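The next block holds one structure in the form of structure tokens; read it before the comments.
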Amino acid sequence: MIGYVTLGVSDMARAKQFYSNLLGDLGAKVLLDMGRIAFIGKSMKEPMLAVCTPFDGEPNHPGNGNMLAIPPGSKEAVDALYKKAIELGASCDGEPGQRIPDQFYGAYVRDPDGNKLAFFEFG
């Protein structure tokens, strides 16, 4: 249903390095790099994350209420991805924890450009 999600960034090299390192343990890598936009994922046939500098040349702005949610596969993997994101330069926007008892475990960060990410596990 989703082909890719695009996040606007100010520094392509930094964004590609951040997301390649962050998502590498999940099998993701830069699949296609077209200069101002790069696609990161497991394959071109699965949902991907794209990072790009805005087409209009204006500064990127993280959306208020926009968030990319990534399911790494377990609560332990949520914790690990959160820790890795912080080590790679993300800022905390909500430490890992059970948000809804027995239903939703999550952690939240802002990437170096301010885009909000969630790492989550249902159950």
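The values are calculated or read from the model by the stated rules, or taken from the named source; none is laboratory data. Predicted, not measured: the structure shown is a model, and the values here were computed from it. Backbone-built Cβ (ideal geometry, glycine too); neighbour counts: all protein chains shown.
Does Val9 count as in contact with a helix residue (DSSP H, G or I) (Cβ under 8 Å, 6 or more places away or on another chain) and at negative phi? Here the answer is yes, as Val9 does meet what is asked.
Whenever a residue of region 105-123 is among the β-branched types (Val, Ile, Thr), its partners that are not in a strand (DSSP E or B), lying with C-beta atoms within less than 8 angstrom and at least six residues away or across chains, give the pairs Val109/Tyr82; Val109/Ala85; Val109/Ile86; Val109/Ala90.
Taking every residue in region 9-21 that is over 20 Å from His61 (Cβ atoms) and modelled with pLDDT under 95 and pairing it with any residue that is of a type outside the set (Val, Ile, Thr) and surrounded by 15 or more Cβ atoms within 10 Å (Cβ to Cβ), at least 6 positions away or on another chain, yields no pair with a Cβ-Cβ distance below 6 Å.
Counted as qualifying within region 1-86 are the strands (runs of 3 or more DSSP E) with 2 or more residues that are over 20 Å from Gly106 (Cβ atoms), namely 4-8, 29-33, 37-41, 48-52.
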